[in-house]
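Right, one structure below, let's go through it.
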Amino acid sequence: MSTADLFATLRREGRTLLTEVEAKTFLSPSGIPIVPTHLARSAPEAVRIARTLGWPVVLKIVSPDIVHKSDIGGVKVNLTSGAAVARAYRDVMESARTRAPQARLHGVSVQRMAPPGVEVILGAGKDPQFGHYLMFGLGGVFVEVLKDVSFRLVPLTPRDARQMVREIRGFPLLAGYRGQPPVDLEGLEKALLALSAFLEQHPEVREIDLNPVFAYPQGCLAVDARVVLEESAILTPTGG
């Protein structure tokens, strides 16, 4: 789906919140490592995609009206066979219909299950006066519980990215502890700089959350993504 097609869909449906699949497609030119994710609109299609990606896979409900997918039973992980994927597709869709009956359901996303790593978050928002800013911190539930994050305004310099990664209180978890190897700090800095550059090219973005991003000794990988656009972005046709 091109950016123009994506914006046409958003305009037609009157929404600014992208689904996970749309968000990852939108962010794919940024250069940030993002796990390939595909939309399946039926159980057989989910099985076909899973066999193409390789095992194990993760299935998640895709809906513009459901943000917290796990809360409504909309996520199935570590699926290792076609039968398990078909069963998970039916379970996820049924759970969504029961627990969020008003939600529009597009199907499920299918992605290869990423190896575990240190969970971090890369986020972005928009201040009415100062414009886009970036956020970095420990990801997953830690960002809600500990609020251990750092901020900088866009555009980011390499020095800014280096400082953001190192000034959170949880930095020792990234630097290696109790025999654990350090994560790829340079890879995280590159991802922050890539997100900064992406925001400079897309003033229509209001919010971005990449959470979690798994940080590894070599590289990093975003496994979930959330993007919200300005309302003006879906009122005016755009190219792409």
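The values are calculated or read from the model by the stated rules, or taken from the named source; none is laboratory data. Here the structure is a predicted model, which means the values were calculated and not measured. With ideal geometry, Cβ positions are generated from the backbone for all residues, glycine too; neighbour counts draw on all protein chains shown. Heads up: the accessible areas ignore ligands, DNA and RNA and are worked out on the full protein's heavy atoms, side chains in. Shrake-Rupley method; radii C 1.70, N 1.55, O 1.52, S 1.80 Å.
About its Cα centre, the range 174-224 has a charge dipole of approximately 240 debye under the convention of +1 per Lys or Arg Cβ and -1 per Asp or Glu Cβ, with nothing else charged.
Each Cα pair under 8 Å and six or more residues apart adds its sequence gap; the mean of these over the residue count of the range 111-202 is a relative contact order of 23 percent. Annotation: lysines with alpha-carbon distance below 20 angstrom to residue 190 (same-chain offsets under eight excluded): 24.
Could you work out what % of the accessible surface of the range 158-240 is carbon and sulfur, using a 1.4 angstrom probe and leaving DNA, RNA and ligands out of the count? Here carbon and sulfur together make up 51 percent of the probe-accessible area.
A helix-only calculation puts the chain at -10500 deg cm²/dmol for mean residue ellipticity at 222 nm, using -39500 (n - 2.57) for each DSSP H run of at least four residues, averaged over all residues. Counting protein heavy atoms only, the range 20-128 has 52 percent of its accessible area on carbon and sulfur, 1.4 angstrom probe. Amide hydrogen proximity for residue 139: with H placed 1.01 Å from N in the peptide plane, the residues at 5 or more positions away or on another chain lying under 5 Å are 119, 120, 121.
The residues of the range 95-202 have, on average, 54 Å² of accessible surface per residue, using a 1.4 Å probe with all protein chains present.
The distance from the alpha carbon centre of the range 145-214 to that of the range 1-17 is 28 Å, rounded to a whole number. The aspartates and glutamates whose alpha-carbon is closer than 17 Å to the alpha-carbon of residue 147, local same-chain residues fewer than 8 away aside, are 119, 167, 209.
Candidate membrane-span-like segments in the chain, meaning DSSP H helices with Cα atoms spread over at least 18 Å of their own axis and a Kyte-Doolittle mean of 0.0 or above, are 185-201, with no membrane implied.
Ranked from largest to smallest solvent-accessible area, with a 1.4 Å probe on the protein heavy atoms, 177, 216 come out as 177, 216.
Each Lys and Arg contributes +1 and each Asp and Glu -1, all at the Cβ; summed about the Cα centre of the range 1-153, the dipole is approximately 400 debye. Positive-end ranking of 136, 116, 228 along the dipole of the chain, with charges on Cβ about the Cα centre, is headed by 116.
For the chain, the Cα-based Rg and Dmax, in that order, read 18.1, 53 Å.
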